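The values are calculated or read from the model by the stated rules, or taken from the named source; none is laboratory data. What you see is a predicted model; the values in this text were computed from it and never measured. Glycine gets a Cβ as well: all are built from the backbone with ideal geometry, and neighbour counts include every protein chain shown. Note: accessible area is taken over every heavy atom of the protein model, side chains too, but ligands, DNA and RNA are not part of it. Shrake-Rupley method; radii C 1.70, N 1.55, O 1.52, S 1.80 Å.
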Amino acid sequence: MATRTTNGTRGPGDSGVQALAEDVVAAARRAGHAYLDSTEEAVNRLADLQVSVGQASRVDLVSDLAAVQADVSRDVGRAYVSAGRSLIG
């Protein structure tokens, strides 16, 4: 907890604590963005795999369904990452 002088201003040791807190917040934001980048990449790779598996079946219906499922996966992943980024700032 920060120490305060009697007139309500910050004490001499507070600037170090505040700087440390700002560093922790910045590091947490960087970690959050790295997590979201990894999540976005994983979702896109999974969607690509879904399309590949669908095409490997050589059945038009299965390929089309796999492509649609991949699109849904990408859309949901994009929404998740976008919401996370807006929360992180």
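Tell me yes or no: at least one residue of segment 57-73 is closer than 19 Å to SER86 by Cβ and surrounded by 15 or more Cβ atoms within 10 Å (Cβ to Cβ).
Restricting attention to segment 57-73, the residues satisfying the condition of being closer than 19 Å to SER86 by Cβ are none.
No: segment 57-73 contains no residue that is closer than 19 Å to SER86 by Cβ and surrounded by 15 or more Cβ atoms within 10 Å (Cβ to Cβ).
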**Q.** Cβ-Cβ under 6 Å pairs, at least 6 apart or on other chains, segment 66-89 side farther than 18 Å from ARG45 by Cβ, far side of a type outside the set (A, V, I, L, M, F, W, C) and open to solvent by 50 Å² or more (accessible area, probe 1.4 Å)
**A.** ILE88/ARG29
Q. How many of the residues in segment 24-51 are among the hydroxyl-bearing types (Ser, Thr, Tyr) and surrounded by 13 or more Cβ atoms within 10 Å (Cβ to Cβ)?
A. 2
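Return the residue satisfying two criteria in turn: it lies in segment 29-47 and is out of contact with any helix residue (DSSP H, G or I) (no Cβ under 7 Å at 6 or more places or on another chain) and not hydrophobic (A, V, I, L, M, F, W, C), and of such residues it is nearest to SER73 (Cα to Cα). Lay out the reasoning, then the answer.
Taking segment 29-47 as the starting set, the residues that turn out to be out of contact with any helix residue (DSSP H, G or I) (no Cβ under 7 Å at 6 or more places or on another chain) are 30-31, 34-35, 37-38, 41-42, 45.
Now drop any that are not not hydrophobic (A, V, I, L, M, F, W, C), which leaves 30, 35, 37-38, 41, 45.
On the way: ARG30: 25, TYR35: 18, ASP37: 16, SER38: 15, GLU41: 12, ARG45: 10 Å.
Across segment 29-47, the extreme among qualifying residues is ARG45.
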